[in-house]
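Take a look at the structure below.
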Amino acid sequence: MTLAVFILFLSFDTPIIHAFTSSREVYEKTGYVVWEGNTKEKIVAITFDDGPHPSYTPQILDILAKYNAKATFFVSGNKVKRNPGILIREIKEGHEIANHTYHHYYDKNMTAELLSAELDKTDKVIWDIAKYKPTLYRPVGGLYNDIIINTAVKKGYKVVLWSWHQDPQDWKRPAPNKISTHIIKSLRAGDIILLHDWSDRPQTVKALESTLDYLYNNGYECVTVSDLLFRSNVSSPDFFRTFPVE
């Protein structure tokens, strides 16, 4: 009887158990998970997931520089390791680097141990290259639950998703005008906009130019996620413990 109970306990402690997922409202109330800023100021945060890419990310950086726009790059550690110079350029040009795990595993049932290792490995490669410590984390594919969020929070991260109305699904490779039109038509102050800078991204690059042209001609400022949250009174400046290269 004792042995049978022990075996049952082990089965409930294995990674196949699905973690509980609370509502967005519950997570937002903790202050550790955000989808957008709460502000009337005409500021937005454009974010790029999965890179850096050796070709498309530099093109994106050129366009951002043209409009004096700042962005947040949720980088994958294995891509950073292959493109260290691009990471350094992102930081030197005033953009924010955030953690998007090392191997980009798309798994809502990821264990705390695996996620912790993924975050640590990405942090290490970023620190080794640029002496920079990210404080923001985005789950791969936006998949989250209590285990994913609690693991990230315990490691000192704020979990950043994106405004639900600001996913133009550029990963499906629609025409550039469809990407920019989606962003512009859905635009609200405080938006966190989701884009990607890995894989085949010429559409995203072209859409970025027209999007930024509209934003700046209509009085919007593109800022990092950290700046957006600070100016929305979501976080204090003490939270963002980043150490950019000189």
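The values are calculated or read from the model by the stated rules, or taken from the named source; none is laboratory data. Bear in mind that the values here come from a model prediction, so they are computed numbers and not experimental data. Cβ coordinates were reconstructed from backbone atoms using ideal geometry, including for glycine residues, and neighbour counts include every protein chain displayed. Just so you know, the surface numbers come from the protein's heavy atoms only, side chains and all, with ligands and any DNA or RNA stripped out. Shrake-Rupley method; radii C 1.70, N 1.55, O 1.52, S 1.80 Å.
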Candidates GLY51, GLY141, GLY77: whichever shows maximal mean-square fluctuation once the chain is modelled as a Gaussian network with Cα springs under 10 Å: GLY141
Helix 2-12 axis, angle to the chain major axis (alpha carbon atoms, nearest 10°): 10 degrees
Dipole of the chain, Cα-centred, from +1 at each Lys and Arg C-beta and -1 at each Asp and Glu C-beta, to the nearest 20 debye? 200 debye
For the chain, what does -39500 (n - 2.57) per DSSP helix run (n ≥ 4), summed and divided by total residues, give at 222 nm, in deg cm²/dmol to the nearest 500? -12500 deg cm²/dmol
Under a GNM of the chain (C-alpha, springs under 10 Å), which listed residue has the highest mean-square fluctuation: HIS53, HIS104, HIS196? HIS104
Cα gyration tensor of the stretch 153-214, axes a ≥ b ≥ c as square roots of the eigenvalues: rounded (a/c below 1.5), prolate (a/b > b/c) or oblate? oblate
Neighbour cut-off at most 11 other Cβ (10 Å), DSSP loop, GluC sites (Glu not before Pro), the stretch 19-61: none
Highest-fluctuation residue, ASP49, ASP227, ASP107 considered, GNM on the chain with Cα pairs under 10 Å: ASP107
Read-out volume of the Cα convex hull per residue in Å³, candidates (i) 118; (ii) 398; (iii) 132; calculated match is (iii)
Potential extension, LYS155-SER186 segment - 0.36 nm per residue separation minus Cα distance: 7.8 nm
Can you list residues whose amide H is under 5 Å from HIS196's amide H, if they're 5+ apart or on another chain and H is modeled 1.01 Å from N? ASP49
Share of the stretch 153-224's accessible area from carbon and sulfur, percent, 1.4 Å? 49 percent
Which three numbers, in whole Å and largest first, are the semi-axes of the equivalent ellipsoid of the stretch 65-138 derived from its Cα gyration tensor as √(5λ)? 23, 13, 10
